[in-house]
Amino acid sequence: MNAQQSAAVVPAASAPAESMSSGEVLLQARGVTKRFGGLVAVRDVDLAIPKGGIVSIIGPNGAGKTTFFNVVAGIIDPTAGTVGFLGRTLIARPHRAWLEPLLWILPAAVLLLAALALGVQDRGETALAISGIVVVGVLAATLLLAIVRPFWYTRLMERFGILRSARPNDVVAAGIGRTFQNIRLFQNMSALENVLVGMHLKLHSNLVDHMVSTPRQRRDEEAAAKRAGELLALVGLRGREDELAKNLPYGDQRRLELARALGNDPVLLLLDEPTAGMNPAETAAMTALIGRLRKDLGLTILLIEHDMRVVMGISDHILVLDHGERISEGTPDEVRRDPKVIEAYLGTATT
């Protein structure tokens, strides 16, 4: 057992029984499979995450944990299976995607046919030019919507039976935040600026507001800076707002990435090895912080972690993967006694 595993971890506060008693499922993964050529990184994995719970995914290196995370976060599409979040399908293989391009040109085509039916071609070159401009404008607007994909556009496509897997920005907008196994901060930006980047979906000012510096834009920036400062204080970085991310100690960079993930006020937080590389004191502090996030902010948390003391001390439910397949699932006590888990980690089962 290494130093990290032997850390004196501060157990997180358990979720109140009433928060779990309703059995409300926040995220439901069904049959998630991901293949990279002939390699099956994740095979037919099911996982239900209850509202207010802390669920951990563990397994040896190469077990498919981060691949599963990346599917849930919309970074990679699954080969098969679906991920539902808050009652709607968020991640899935494309369905009837061939129909969507036809719908892009449908409004412009209808306008063009209507103009021809009204005899615009007989009303002079000016009328014909105006009609052409309108048709091209509608087509351009439709294509722009297809690129931006606002929430209502996605809902409209679903009504036509067209389903595309959510993109990372769609996943964030839906209420899921995440951190990464390898820290991905903007190293030459301040701590405050890093958190502000994670809050962009919460801002209401538009391009025009920024161009002319409207009162709404100034209020937006002031409110965002205040909230970013509160998040930095929450993760233990009070007074470090103006320090460059690259100048922060490793443990504080981990905390900063967590603050950035909280910037969009997520409902579900994905933490990919949040204590990796930390010393025992930092590990204990991070574990306690995760517990406070669940208790004080009401967050639901899904995490990948190699430190078994952290996993066993903080989790309500554990999923164990090995070579991309689920080999065990249950409470910490059930998982730690499972012979398949012992064999996956130690290479042989004990009696």
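The values are calculated or read from the model by the stated rules, or taken from the named source; none is laboratory data. What you see is a predicted model, and the numbers here were worked out from it, not measured in a lab. Positions of Cβ are backbone-derived with ideal geometry, glycine not excepted, and every protein chain shown enters the neighbour counts. Note: areas computed on protein heavy atoms with side chains; ligands, DNA, RNA excluded. Shrake-Rupley method; radii C 1.70, N 1.55, O 1.52, S 1.80 Å.
Among the lysines of the chain, pairs that are 8 or more positions apart or on different chains and have alpha carbons within less than 28 Å of each other number 14. So what is log10(I(q)/I(0)) for region 202-295 at q = 0.22 1/Å, when the Debye sum runs over its Cα atoms only? Once normalised to I(0) and log-transformed, intensities are -1.13. Only protein heavy atoms count here; on that basis, with a 1.4 Å probe, His323 has an accessible area of about 140 Å². In a fully extended conformation the segment linking Arg159 and Asn188 would gain 6.0 nm over its present Cα-Cα distance, using 0.36 nm per residue.
3J(HN,Hα) along region 241-251: 4, 8, 7, 5, 4, 5, 8, 7, x, 4, x Hz, from the Karplus curve 6.51 cos²θ - 1.76 cosθ + 1.60 with θ = phi - 60°, whole Hz, x for Gly and Pro. Spacing of the modelled spin labels on Leu244 and Arg216, each 7 Å from Cα toward Cβ, amounts to 3.6 nm.
Going from the alpha-carbon gyration tensor of the chain, what semi-axes, largest first and in whole Å, does one get by taking the root of 5 times each eigenvalue? Could the numbers behind the result be given before it?
Working: eigenvalues 391, 153, 52 Å².
So the equivalent ellipsoid measures 44, 28, 16 Å along its semi-axes.
Determine the share of the chain's accessible area contributed by carbon and sulfur atoms, expressed in whole percent, with a 1.4 angstrom probe.
Values: 10350 of 17800 Å².
Roughly 58 percent of what the probe reaches on the chain is carbon or sulfur.
Note on Leu102 and Ile130: their simple-model spin labels are 3.3 nm apart, each label 7 Å out from Cα toward Cβ. One chain, two ends: Asn61 and Lys226. Fully extended at 0.36 nm per residue, the span grows by 55.4 nm beyond their Cα-Cα distance.
Rounded to two decimals, the Cα radius of gyration of region 48-178 over 2.2 N^0.38 Å is 1.51. Taking only the Cα atoms of region 235-276, the radius of gyration and Dmax are 10.8, 30 Å. In the chain, Cα pairs under 8 Å separated by at least six residues give a relative contact order of 28 percent.
The residues of region 51-202 expose on average 52 square angstrom of accessible surface per residue, using a 1.4 Å probe on protein heavy atoms.
Helical runs (DSSP H, four residues minimum) scored at -39500 (n - 2.57) apiece and divided by the length of the chain put the mean residue ellipticity at 222 nm at -13500 deg cm²/dmol. Annotation: the antiparallel percentage among DSSP beta bridges lying fully within the chain is about 60.
Looking at region 223-351, the accessible area is 42 square angstrom per residue; that uses a 1.4 Å probe and ignores ligands, DNA and RNA.
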